[in-house]
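This report concerns only the one structure given below.
Here, each number is a calculation from the coordinates, and none is a lab measurement. Note that the coordinates shown come from a computational prediction; the quantities given were computed from them, not determined experimentally. All Cβ positions, even for glycine, are placed from backbone atoms using ideal geometry, and neighbour counts span all protein chains on display.
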Amino acid sequence: MIEAVLADTKRGVPISAISARFHNALAESIVAVARRVGQERVALSGGCFQNRYLTERAVWGLRTAGFRAYWHQRVPPNDGGIALVKSLLPRVR
């Protein structure tokens, strides 16, 4: 992917097209990994899933391939979500 981004940049491909290709390739990779692992349910979490385009493409790809996708909808997928969950858990001593 990185080589493709660099080649597209050299050729003067618009940044919006380079970005779309990168994110589409990443979403396709997520589906490929899900296929390889073979689990029906796939959870998408982490700061990169604050990116709406990536999340939507990954969820669409997973659903199209027959997987059940789970992603953050009420709690942020980054450190804010971790902090919220941690604050709700009982303290371990």
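On alpha-carbon atoms, Rg over Rh for the chain using Kirkwood Rh? Intermediate results must be reported in sequence, preceding the final value.
On the way: Rg = 16.5 Å, Rh = 15.1 Å.
Reported Rg/Rh, Kirkwood definition of Rh: 1.10.
Between the DSSP loop rule and a limit of at most 16 other Cβ atoms within 10 Å, which trypsin sites (Lys or Arg not before Pro) in the stretch 34-82 are left?
Working: sites: 35, 36, 41, 52, 57, 63, 68, 74; in loops: 74.
The qualifying sites are 74.
Just order 1-12, 19-30 by mean Cβ neighbour count inside 10 Å, highest at the front, would you? The partial results should precede the final answer.
Numbers: 1-12: 10.5, 19-30: 15.8.
For the peptides 1-12, 19-30, the packing ranking is 19-30, 1-12.
Against the longest principal axis of the chain, how steep is helix 15-37, in degrees 0 to 90 to the nearest 10, with axes from Cα atoms?
Tilt of helix 15-37: around 60 degrees.
How large is ³J(HN,Hα), in whole Hz, for each residue of the stretch 52-67 in order, when computed from phi with the Karplus curve 6.51 cos²θ - 1.76 cosθ + 1.60 and θ = phi - 60°, using x for Gly and Pro?
For the stretch 52-67, the Karplus curve yields 4, 4, 4, 4, 4, 5, 5, 4, 4, x, 5, 4, 4, 7, x, 8 Hz.
What number in nm² do you get for the stretch 37-91 if you take the convex hull of its Cα atoms and divide its surface by four? Could you put the intermediate results ahead of the total?
Working: hull surface 18.4 nm².
One quarter of the hull surface, i.e. the mean projection, equals 4.6 nm².
Report the far tail of the P(r) of the stretch 1-54, meaning the percent of Cα-Cα pairs longer than 13 Å. Display every interim value, and only then the final one.
Details: 935 of 1431 pairs.
Across the stretch 1-54, Cα pairs with separations above 13 Å total 65 percent.
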